[in-house]
1. Percent antiparallel among DSSP beta bridges with both residues in the chain, to the nearest 5?
2. Rounding to the nearest 20 debye, state how big the charge dipole of the chain is about its Cα centre with +1 on each Lys and Arg Cβ and -1 on each Asp and Glu Cβ.
3. Fully extended, how many nm does the chain gain between Thr7 and Asp45 (0.36 nm per residue separation, minus their Cα-Cα distance)?
4. Report the extension gain between Arg63 and Glu25 in nm, rounded to one decimal, defined as 0.36 nm multiplied by the number of residues separating them, less their alpha carbon distance.
5. Taking the Kirkwood radius as the inverse of the mean 1/r across Cα pairs, report the Rg/Rh of region 2-45.
6. In nm, give the distance between the simple-model label positions of Asp88 and Ile17, each being 7 Å from the Cα along the Cα-to-Cβ direction.
7. Treat the chain as a sphere of radius equal to its Kirkwood radius over Cα pairs and apply Stokes-Einstein at 37 °C in a medium of 0.692 mPa s; give the translational diffusion coefficient in µm²/s, rounded to a whole number.
8. Considering Cα pairs under 8 angstrom that are at least six residues apart, work out the relative contact order of region 2-45 and quote it in whole percent.
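We did not get these values from a lab; they are worked out from the coordinates using the rules stated. As the structure is a computational prediction, the values presented were derived from the model and not from experiment. Neighbour counts run over all protein chains shown; Cβ positions are idealised from the backbone, glycine included.
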Amino acid sequence: MAAIENTGECKLDYATIMADMVSFERTLPEYAVDSEFAHGTVYVDVSLTPEIEAEGYSAEVIRRIQDMRKELDLEVNDWITVTVTLPDERVGDLLHKRAGVIAGEVRAKEMSIGDASATGDLVKEWTVEGVEISIGVGRMKL
């Protein structure tokens, strides 16, 4: 390809391929995007794996729980209980995989993810990527 672009032909042992004999078309797979910059082109695989999706949902839940902690005027070191209720079983499974990370980030001693009603000192309804999620945050009783 480079020879044809540079000289207009590519010589092989058995034939010569001329530029007017071929055409080149750059296509990317559906899972990739590209972006040109001064030193070339960068290609990125934008496939949404279950791990990436789980990380995204957990980050959104963590952000909302942190907002709720703030609304409850909790200290940074205060421990809480968290109940996450959602009807979407697939997203629930993704959150279960990251439950330890979520609990650690928000300082939850107790955490429940599933279809049980959200309970706590503050319960709020959220929509995350089109999924309705109810989160309950409670002060941990010592």
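1. For the chain, the DSSP antiparallel bridge percentage is about 80.
2. The dipole of the chain has a size of about 780 debye.
3. Here the answer is 10.4 nm.
4. 9.3 nm
5. Details: Rg = 14.9 Å, Rh = 13.0 Å.
Result for region 2-45 is an Rg/Rh of 1.15.
6. It works out to 4.7 nm between the two label points.
7. On the way: Rh = 19.0 Å.
D, rounded to a whole number, is 173 µm²/s.
8. RCO, region 2-45: 21 percent.
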